[in-house]
1. Suppose R0 equals 22 Å; then what is the FRET efficiency for residue 48 and residue 72 from their Cβ-Cβ distance, rounded to the nearest 0.05?
2. Please state the relative contact order of the chain as a whole percent: Cα pairs under 8 Å, 6+ residues apart?
3. Top mean-square fluctuation among 89, 19, 37, Gaussian network model of the chain, C-alpha springs under 10 Å?
4. First measure r as the distance between the Cβ atoms of residue 91 and residue 37, then evaluate 1/(1 + (r/R0)^6) with R0 = 25 Å and state the FRET efficiency to the nearest 0.05.
5. Report the extension gain between residue 104 and residue 83 in nm, rounded to one decimal, defined as 0.36 nm multiplied by the number of residues separating them, less their alpha carbon distance.
Amino acid sequence: MIDAIELARKRHTFDLWAYVVMPEHVHLLIRPTEAEYSISGILTTLKQPVSKRAILHVRREAPQFLERMTNRQPNGRTSIHFWQRGGGYDRNLWSPRHIWDTIDYIHANPPRRELCQRPKQWQWSSAAAYERGSADPLRVDTDSLPDDPRRKGSW
């Protein structure tokens, strides 16, 4: 997933404000930097390589699991799916407070699931970037964030 996010950053113009990669889902907070952009194009760039690698891995390592990934259409067609059906929970955020509350929500996912005690401990998250300025495993674009109205002296 990290590789796919980097690929999407190269192909599309957006700032990455926050992310967390969980065992079975991902949260991203991005800000397109061009007036015209395609969220579906960004999502395709994110999802396709992950799906292809995951399905290849399952075929090699756990072929018995393929049945659970099989999607059967009423017309009889079948395909193997990695991502859950549906559009996810995409939405636009307009207020600085909502943006910062969403960043906190994203970072709180691993502790909420008891995968770690504090957000910065989860390796696959931008929480450490906010606390320590780390860019591992992905750089976040904090320079384009609005000021955090909940804190004095933010960015």
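1. After rounding, the FRET efficiency stands at 0.55.
2. Numbers: 170 pairs, mean separation 38.6, N = 155.
RCO, the chain: 25 percent.
3. The residue with the greatest mean-square fluctuation here is 89.
4. Rounded to the nearest 0.05, the efficiency is 0.95.
5. 5.1 nm
Any read-out appearing in this document is the output of simple, stated calculations on the displayed coordinates, not a laboratory observation. Quick caveat, the model's predicted, so the values are computed rather than measured. Neighbour counts are summed over all protein chains in view; Cβ atoms, including those assigned to glycine, are modelled from backbone coordinates with ideal geometry.
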